[in-house]
Structure formats: structure tokens, C-alpha cells
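The values are calculated or read from the model by the stated rules, or taken from the named source; none is laboratory data. The structure presented is a predicted model; accordingly, all values stated were derived computationally and were not measured. A quick note on method: Cβ atoms are made from the backbone with ideal geometry, for glycine too, and the neighbour counts reach across all protein chains shown.
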Amino acid sequence: MEITIDKMDDNKLLKRKECFFTVSFEAATPPRGAVKKELCSKLGVDEELAVLDYIRQGFGQSSVKCYAKVYDSKEGMGVELDYKFQRGKPKAEKEAAKAQKKAAKEAAKREKKNKTNVK
């Protein structure tokens, strides 16, 4: 797998770098996790600060066009949608994150209900 960076923009307002790149490969299309890991090692950034937005491939091509966002800090990542963080993770991790989010929602709902019953 070989990565070629086509365009790198610096978005100062959102404190991130926007990277358009091409990935060339020999066999099957590489998984999202492998592409993200390879890009982060090429750019020299932490994997937790990168979000792989899309991978687009034409029919029968041995290369894909990709778009990723690399943030300066975790605080800046609040503008990203939750589902983008779950992409490319193993199913067990996805289920655990989903259960944790559901439990937090239910706890907030119970707390709200208890506040209304107290009055």
C-alpha cells in the first residue's frame, strides 16, 4: 500500500489539517483502519487525532481517493459526527461504545424524571 498526498489544506478556524490523498494497492482494497494507520505514520501524527472521512474507489481500479481530517487537539474534534469515530473499529468496540452511550442517555432520563417527581 502506497499513499500519495494530493492536497493538504490548513483550516485554522477549526484547528485541523484537511488531507486529500490517493492510496495505491495490489490486492483487495485495504480496510479503513489500515489506511488511517498508514496515513498517520506518514504525517507523523497520533491516530486518535485523525478522522478518515471517506474512501472512494472506481470500478476495477487498484487505487482509491481518500479524504481525512487531522486535528491539533482532542477538543477540536467536537465538531465531528459520532458515527465517524466508530468507522473501522472492531464490532466489539462499536457495541461497547453504543451500550455506554445508551446507558448515559437512560441515566439522564431517570435523573430528569426524579427531579420532576421531587416537586
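Residue-by-condition table, conditions (1) within 17 Å of Met77 (Cβ to Cβ); (2) assigned to a helix (DSSP H, G or I); (3) of a type in the set (S, T, N, Q):
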| site | (1), (2), (3) |
| --- | --- |
| Asp6 | no, no, no |
| Val23 | no, no, no |
| Thr29 | no, no, yes |
| Ala34 | no, yes, no |
| Lys37 | no, yes, no |
| Leu52 | yes, no, no |
| Lys65 | no, no, no |
Checklist outcome for this item: Expected output for region 68-81 (first residue under 8 Å from Arg16 (Cβ atoms), partner at pLDDT below 85, Cβ below 8 Å, 6+ apart or cross-chain) is Lys69/Glu80; Tyr71/Met77
Next on the checklist: Condition first: among the small types (Gly, Ala, Ser) and touching a residue at least 24 places away in the same chain (Cβ under 8 Å). Now tell me which residues in region 20-58 satisfy that.
Outcome noted: Ser24, Gly33, Ala34
Checklist entry - Based on what the data block shows, is Lys42 loosely packed, with under 15 Cβ neighbours inside 10 Å, touching a Gly at 6+ places or on another chain (Cβ under 8 Å) and modelled with pLDDT of 85 or more? => result no
Item to check | Candidate set: region 22-39, residues that are loosely packed, with under 15 Cβ neighbours inside 10 Å and touching a strand residue (DSSP E or B) at 6+ places or on another chain (Cβ under 6 Å); chosen: the one nearest to Cys66 (Cα to Cα) | outcome: Thr22
Checklist entry - Across region 8-21, which residue is surrounded by the fewest Cβ atoms within 10 Å (Cβ to Cβ) among those that are of a type in the set (D, E, K, R) and assigned to a loop (DSSP other than H, G, I, E, B)? => result Lys12
Checklist entry - Is it the case that some residue within region 86-104 is under 13 Å from the mean Cα position of the chain (by Cα), among the hydrophobic types (A, V, I, L, M, F, W, C) and loosely packed, with under 12 Cβ neighbours inside 10 Å? => result no
Checklist entry - Out of all the residues in region 55-77, is one or more surrounded by 14 or more Cβ atoms within 10 Å (Cβ to Cβ), farther than 30 Å from Thr4 by Cβ and either small (Gly, Ala, Ser) or not assigned by TED's automatic domain parsing to the domain that holds Lys15 (or both)? => result no
